[in-house]
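Have a look at the structure below before the remarks.
The values are calculated or read from the model by the stated rules, or taken from the named source; none is laboratory data. Being a predicted model, the structure only gives us computed values, none of them experimental. Counting neighbours? That spans all protein chains shown, and the Cβs are built from the backbone with ideal geometry, glycine included.
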């Protein structure tokens, strides 16, 4: 597999996330399907730190 960018690794602590149950899901017609993609949608108030 040819990777054009440097990969990165991160860890999620699921106990700290305190996520509510998933209430809805809609597929997107604008993006092709992928089996190696991971996305997160976060509110603007959340910040990511190093």
Do we find a residue being modelled with pLDDT under 75 and either on the phi > 0 side of the Ramachandran plot or surrounded by 10 or more Cβ atoms within 10 Å (Cβ to Cβ) (or both) anywhere in region 35-47?
no
I'm trying to understand the selection: among the residues of region 12-34, which are modelled with pLDDT under 70 and within 30 Å of residue 2 (Cβ to Cβ)?
33, 34
